[in-house]
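To keep things clear, I will list the structure first and then write my remarks on it.
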Amino acid sequence: MTSRPASEQHLRDLARLRRVRDRIDRDYAQPLDVEALARGVHMSAGHLSREFRRAYGESPYAYLMTRRIERAMALLRRGDLSVTDVCFAVGCSSLGTFSTRFTELVGVPPSVYRRHAARAAEGVATEGMPSCVVKQVTRPVRNREVPITEAQLT
C-alpha cells in the first residue's frame, strides 16, 4: 500500500516531466541541455534523466535528438535546403553528430535521404495521406532499432 504523500509527489513529478517533454517538443531548435531542462523544473539533472527515462523509455537527450531528426526529415523531404542548412535549422551544432544520429535513427545518411526524398527509401507513397498519418509513417525509429539490411552490409 502506498502512502498518499508519495503518490501525490509521483504525480507532481510526472507533471514536471511532461513540462520538460513539452519544452523539448516546442524548443527543439534551441540550445537545450539536461542541466537547463532540470533547472526549469527544479530537479537535479541526474534525477531528471532517471525519471524521464523511467517515464518515456529514453533519456531527455535522446528524446531531443529524435525530435530534431523528425524535423530534419521533413525539411530534407522538401528538398530546398542543404544537409548543412537542415542540421543548423533543427538546432544541431555539429554536422558530424547530426549525420551520425540521423543515420542511426533513419537507417541512411541525411544526404541519401534527401536525394531519395524519403518516399523511395521508405517504399511508402504518402501523397494523399492526412498529415497525421504521414507523420506516423515517416517517424524515425528510436534507440538504434533500424534493421540492418543486406544492401547496407555490402
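Please treat every number below as a calculation from the coordinates, not as lab data. Only a predicted model underlies this, so the values are computations on that prediction, with no experimental measurement involved. Every residue, glycine among them, receives a Cβ derived from its backbone with ideal geometry; neighbour counts consider all protein chains shown.
If R₀ is 25 angstrom, what is the calculated FRET efficiency for the pair residue 6 and residue 56, using the beta carbon separation as r and rounding to 0.05? Provide the component values of the computation, followed by the final result.
Values: r = 21 Å, r/R0 = 0.84.
After rounding, the FRET efficiency stands at 0.75.
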Low-density loop positions, GluC sites (Glu not before Pro), the range 1-94 - DSSP coil, at most 13 other Cβ in 10 Å
none
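Give the order of 43, 73, 129 when sorted by the count of other beta carbons within 10 angstrom, beginning with the fewest. Working shown, then result.
Details: 43 20, 73 23, 129 14.
Starting with the residue having the fewest Cβ neighbours, the order is 129, 43, 73.
FRET efficiency for residue 80 and residue 112, Cβ-Cβ distance as r, R0 = 25 Å, nearest 0.05? Don't skip to the answer; put the middle values down first.
Details: r = 17 Å, r/R0 = 0.70.
Rounded to the nearest 0.05, the efficiency is 0.90.
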Where a ≥ b ≥ c are root eigenvalues of the Cα gyration tensor, a/c under 1.5 meaning rounded, otherwise prolate if a/b exceeds b/c and oblate otherwise, the range 4-61 counts as prolate
